[in-house]
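Down below is the structure, laid out as structure tokens.
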Amino acid sequence: VFHGRILARRVVGQETRYEVEVKAPYRHRFPLVSREYLWVPNTCGCPPLREGGEYLLMARRHVNHEHTLNRILLQDDGYARPWTPREARLVREAARHC
């Protein structure tokens, strides 16, 4: 779970790749760097993320069996909400209890 700002969107094959500036990680089972690529397994832009927008994102690390692919994946039904200070406060509080 992290707060990120969408820098760019690009369709790559049958997927959409977003370049994201990681503003703040809240829960991290894997390390994040300041800029990450976030992959969505479709080209429709679902969930819709607009360039320049800031979001609260819940994604998972996807590593294939051969360990040749290691990326952050936001599934079609993934959690992506516009970021607000209220959302940030709620997530910080939940992270302390989990």
task = Would you work out which of Val1, Val63, Leu38 lies farthest towards the positive end of the dipole of the chain? Charges go on Cβ: Lys and Arg +1, Asp and Glu -1.
result = Val1
task = Place +1 on the Cβ of every Lys and Arg and -1 on the Cβ of every Asp and Glu in the stretch 2-96, take the dipole about the Cα centre, and give the residue among Thr84, Tyr18, Pro47 whose Cα lies farthest towards its positive end.
result = Thr84
note = Residues whose modelled amide H sits under 5 Å from the amide H of Thr16, counting only those 5 or more places away in sequence or on another chain, are Val40, Asn42
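Would you kindly state how much longer the chain becomes between Asn70 and Arg9 on full extension, computed as 0.36 nm times their sequence separation minus their alpha carbon distance, in nm to one decimal?
Net length gain for the segment: 20.1 nm.
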query = Based solely on its DSSP helices, what 222 nm [θ] is calculated for the chain when runs of n ≥ 4 H residues each add -39,500 (n - 2.57) and the sum is averaged over all residues, nearest 500 deg cm²/dmol?
reply = -4000 deg cm²/dmol
query = When the accessible area of the stretch 2-96 is computed with all protein chains present and a 1.4 Å probe, what percentage of it is carbon and sulfur?
reply = 49 percent
ask   = Accessible area of Val91, 1.4 Å probe, to the nearest 10 Å²?
value = 30 Å²
query = Given labels modelled 7 Å from the Cα in the Cβ direction, how far is it in nm from Arg96 to Leu32?
reply = 2.0 nm
query = So what is the relative contact order of the chain, in percent, for Cα pairs below 8 Å that sit 6 or more residues apart?
reply = 28 percent
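If each residue of separation counts as 0.36 nm, what is the full-extension length gain between Arg81 and Glu51 once their alpha-carbon separation is subtracted?
Values: separation 30, 0.36 × 30 = 10.80 nm, distance 1.39 nm.
Stretched fully, the Arg81-Glu51 segment lengthens by 9.4 nm.
How big is the charge dipole of the chain about its Cα centre, in debye rounded to the nearest 20, if each Lys and Arg gets +1 on its Cβ and each Asp and Glu gets -1 on its Cβ? The partial results should precede the final answer.
Working: 17 positive and 11 negative charges, 71 e Å.
Around 340 debye, computed over the chain.
The values are calculated or read from the model by the stated rules, or taken from the named source; none is laboratory data. Just so you know, these numbers come straight off a predicted model, no measurement behind them. Glycine also receives a Cβ, built like all others from the backbone with ideal geometry; neighbour counts cover every protein chain displayed. Note: accessible area is taken over every heavy atom of the protein model, side chains too, but ligands, DNA and RNA are not part of it. Shrake-Rupley method; radii C 1.70, N 1.55, O 1.52, S 1.80 Å.
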